[in-house]
Structure formats: C-alpha cells, structure tokens
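Reviewing the structure listed below.
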Amino acid sequence: MQQMTTCRVTMTTPDRMINQAAETIKKGGLVAMPTETVYGLAADATNDAAVARIFEAKGRPTFNPLIAHVPDLAAAEEHATISPLARILAESLWPGPLTLVTARRPTSPLSLLLSAGLDTIALRAPAHPIARVLLEAAGTPVAAPSANRSGAVSPTTATHVRESLGDKVDYVLDGGASNVGVESTIVHVNGGDAFLLRAGGVDRKTIERIIGAPLRDHFDTEQPLAPGMLASHYAPGAFLRLDAQSAEPDEAFLGFGDIAGDTAHSLNLSASGDLREAAANLFAHLRALDAVCFKNSLKKIAVAPIPAHGLGEAINDRLTRAAAPREKFE
Ligand code: TXA
Ligand code: MG
C-alpha cells in the first residue's frame, strides 16, 4: 500500500488523482472519498479483506452494516431486488443523499461482512461529481461509512478526515467541503412499505410527496434502527458455543490460529491468527458451517477463543450476539 497521499482535486484536473484513488481501491486499499453528505472511508465492497480494513481503521467495536455506493439504479439492481416503490424513490432522488435498504440478491458479489450477514443491503448513488468519477474508474461498488473514528463526528472536509484517521487511510481525495453536511436519509423499502431508518440529507416531506404516502417509522417493524444493536442478530440455525478448545461429537468447529478443531467439520477463521483475515471470513464461514451442521445433523458450532484486541472486539461482539438466547428463533 502506498504512503498516505493528500491531494487537492479541482473540477478541471481530477483525472490523475481520481485514477490513483481508483487504483488504491482496486488493490484493496482505503480511500477518503468526498461525497455531498460527508466524507466516506471507501473500499472495494466485493473484497472481504478490504471491508474488514474499514472496520479496523474506524475502530468500530461492532460490525454495523455498511452502505454500498453505486453509480446508478442499473448498478444497484445487480445487488438488490428493487420494488416499484424503491424504483420511484431511486429515480426521483438518485444521485443524491438517499440510501435504500432492500432485499439482497443471492447472486450479488458484495461482501457478506459489508451487510453484516443480513439478507438486506443498503445502496446509495452519491451525487458528488468526484465520487461519481471515482466509482466509474474503480469499476466496483464501494463500501463507505463516514470517514471518522468510531464515535467521532462525521467529517465534511479532507482536513477532518486527516485529523480523525491520519495514516489509517491510504489516499485522501480532497473534493472540498461536503455541501449537504449530514449523512444520507436511510429508507427501508419492503415491497410496498417504506420505513424511515435514519433522518438525513433528504427530508421526510420530500420522500412522502414522492411516494404519495406517509413514511412509517422503524419502530413499526421488527427492522431495527441499527441492526448491530439487536442482542440476537444474524444467528445461524445451529447454536454457537464460544471459547471452545475442541469440538464435541455433535459439533462443527470454527477455529482461530492454532486452535483449529479436531473434527472433519471445521473451518479456520485465520490459521495464522490474523484478526483482519478472521473478520473477512467470519460471516461466510458461519454460513458454511451452518450448512455443514444441517447436512450432518450436528447441533452446534463450537468456536475457538478470539483475542479481544483490534478487530477481535467486533468479531467477539458478533459471535456473542449470534450465541445469545433467541426465543424468537425457536
Ligand atoms: O451519507 C452517508 O450515508 C455516508 C456517506 C459516506 O455515504 N455514509 C454513512 O455510512 O453514513 P455509515 O456507515 O456511517 O452509516 C450507515 C448506516 C448505519 O447506521 C447502518 O446501521 C445502516 O446504514 N445500514 C447499513 N446496512 C443496513 C441494512 N442492511 N439494514 C439496515 N440498516 C443498514
Ligand atoms: Mg457514521
């Protein structure tokens, strides 16, 4: 990865710098991307390891799902089922500060870590001209949470990003101050119903005028405001047993480092004990072992201890939620 580079992009001379940012994204690096709402910490949304680096750089203690940024509605349709209602919203408000949460297509190459194992996906086509050129040049959807350390205020200038993330970002693309200044409005469209998950850059009235009906509030539904807040959230069908040294006869094993399990039904999050690699593999391995349990009539997935530092905090958070009692699921 190259050294952190900072450059000022003007609307007349963006190409070289944007191409360098696009190359950084293609190689799995992190780019501070100007958008009209706030600056995003951007990475290739189809690359699990790159998405894991976003969580690491932000110091996020949980795997809250991220927004995938796409150039337009046609690109969004590769990843999600767009209902007629979602289409009306996208056609009216994209590109712009609206994020649509809708059903993920099983064929989508987007990282499972990006959507934190959910069956829905958050998509947005940003309006900032530099973000748009960057998305075209990168040729891949881009995952981007706000480019600040977890818990800090969202950045609206390149200077804010540098202050918050310093050398954790590989390339800072300076597109001037974000003109909206608050994050996008997030609307969950479930068939013919639209729920407001987060107030943001497009106001409620504008959306209600477009859909010709009141927006429902998230508490009307089981859909949580921030999915990561649920105690038991994305739980596999099999039960989890944490901090296990080895597997019982009715268990599959999810290993880490040297604690790799002594059963044929095992996968290792990272044989070398690399927490970034472990985060990148987490949801895919949980799904795969869940299928193994189903096929072999196993009851549980035993999970090796995961260190608590770095991305280990988020991995443990998610494993604890997946292992939590889940009356609803039984
Ligand atoms: O304006 C914005 O939206 C900025 C710029 C960079 O695009 N991005 C941003 O991302 O604010 P972030 O990660 O800070 O916020 C994304 C929000 C989180 O609260 C997350 O819970 C929610 O989107 N989200 C993502 N995927 C979701 C899903 N499948 N279902 C429900 N909420 C989801
Ligand atoms: Mg944020």
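Summing Lys and Arg as +1 and Asp and Glu as -1 over all other residues whose Cβ lies under 13 Å from the Cβ of residue 79 gives a net charge of -1.
Charged neighbours of residue 46, selected by a Cβ distance under 15 Å, balance to +2 (K, R count +1; D, E count -1).
Excluding same-chain neighbours fewer than eight residues apart, the lysines reachable from residue 299 by a Cα-Cα span under 26 Å are 328. The protection proxy used here, the mean number of other Cβ atoms lying within 10 Å of each residue, ranks peptides 18-31, 304-317, 135-148 as follows, highest first: 135-148, 18-31, 304-317. Summed over qualifying helices (DSSP H, 4 residues or more, each -39500 (n - 2.57)) and divided by its residue number, the chain shows a 222 nm mean residue ellipticity of -9000 deg cm²/dmol. Contact order, relative form, for the chain: 21 percent (alpha carbon pairs under 8 Å, 6 or more residues apart, mean separation divided by residue count). When the P(r) is computed for the chain, the part past 27 Å accounts for 45% of the Cα-Cα pairs. With K and R counted +1 and D and E -1, the other residues having a Cβ less than 15 Å from that of residue 264 yield a net charge of -3.
Rule-based calculations on the coordinates, nothing more; no lab input. It should be emphasised that the depicted structure is a prediction, and the values quoted were computed from it without experimental measurement. Backbone-built Cβ (ideal geometry, glycine too); neighbour counts: all protein chains shown.
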